[in-house]
Amino acid sequence: MQKNRLYGLLISAGLSGRMGKFKPLLEYDNKSFVQNITEKLCSICDRAIIVTGFNSEQIENDLSKNLSKANLQKVKFVLNENYKAGMFTSLKTGLLHCTDSDWVLYHFVDQPTLPLEFYNDFVNQIDQNYDWIQPAMDKRKGHPVLFGRKVIEKILEAPDNLDLREVTRNGINKKFRQCNFYEIFDDIDNIEDYKNLAKPDSE
């Protein structure tokens, strides 16, 4: 059976306005958020598409300096010049470079704490009977999300003023993977969220 081609898509384009500091370069476990996530995406994906916007050069410099040569060869930087119009435009910009993939792992930049164990289990849930796979815990849905070609096409055809929820509300067969990783709910929007971020190996 032919292996599914999987791309990681990391959105790292926003202003980090509520944070007050540039979120992608905040540190967790002695690495920037964007490095933490990119390394894990590279370990399970055929390619890692990093969508930048605000401070794009800082992100490219950080990854170019700190990623291994093997991982860097998997990375493609994509600039969304229209990033101020919202995250959906960054998603569409990144997906333009994923049209040869079978599945996309759509990831936010403020989830650096998810362990590699999560990703290994999650990508094993890929199932051609579904278009969308999302982690869940205690009846709550989390992130990141896996989606297939049907979803990719729908997003690329949608106008920029919609959002992902609207585009995938109908006609998409979704699977919710129950897991025990509370990190799927990470949403680091401000300094207090960052201060409360779980430390590595803490209980």
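A short reminder: the numbers here are calculations on the coordinates, not readings from a lab. Here the structure is a predicted model, which means the values were calculated and not measured.
Annotations for the structure displayed:
- For the stretch 86-91, the Karplus equation 6.51 cos²θ - 1.76 cosθ + 1.60, evaluated at θ = phi - 60°, returns couplings of x, 5, 5, 5, 5, 4 Hz by residue, with Gly and Pro reported as x.
- Derived scalar couplings ³J(HN,Hα) [the stretch 125-136; Karplus, 6.51 cos²θ - 1.76 cosθ + 1.60; whole Hz; x for Gly, Pro]: 8, 4, 8, 5, 7, 10, 9, 8, 10, 9, x, 8
- Using the alpha-carbon positions of the stretch 11-102, Rg (one decimal) and Dmax (whole number) come out as 12.8, 37 Å.
- One decimal place: the segment E60-N161 gains 33.6 nm when fully extended, by the rule 0.36 nm per residue minus the C-alpha distance.
- Ignoring aspartates and glutamates fewer than eight residues from K69 along the same chain, the ones with Cα atoms less than 19 angstrom from its Cα are E39, D46, E57, E60.
- Rounded Å value of the spacing that divides the Cα centres of the stretch 107-170 and the stretch 51-75: 23
- Derived scalar couplings between HN and Hα for the stretch 160-174 equal 5, 8, 8, 10, 4, 4, 5, 5, 9, 5, 10, x, 10, 8, 10 Hz in order, rounded to whole Hz, by the Karplus curve 6.51 cos²θ - 1.76 cosθ + 1.60 (θ = phi - 60°), x for Gly and Pro.
- Of the Cα atoms belonging to the chain, the radius of gyration and Dmax stand at 16.0, 48 Å.
- Listed residue pairs exceeding 29 Å between alpha carbons, taken from K84/K139; K139/K195; K3/K150; K74/K139: K84/K139; K74/K139
- Rg ratio for the stretch 68-179: its Cα radius of gyration over 2.2 N^0.38 Å, N being its residue count, equals 1.10.
- Viscosity 1.002 mPa s, 20 °C: Kirkwood-radius Stokes-Einstein D of the stretch 61-100 over Cα pairs, µm²/s: 184
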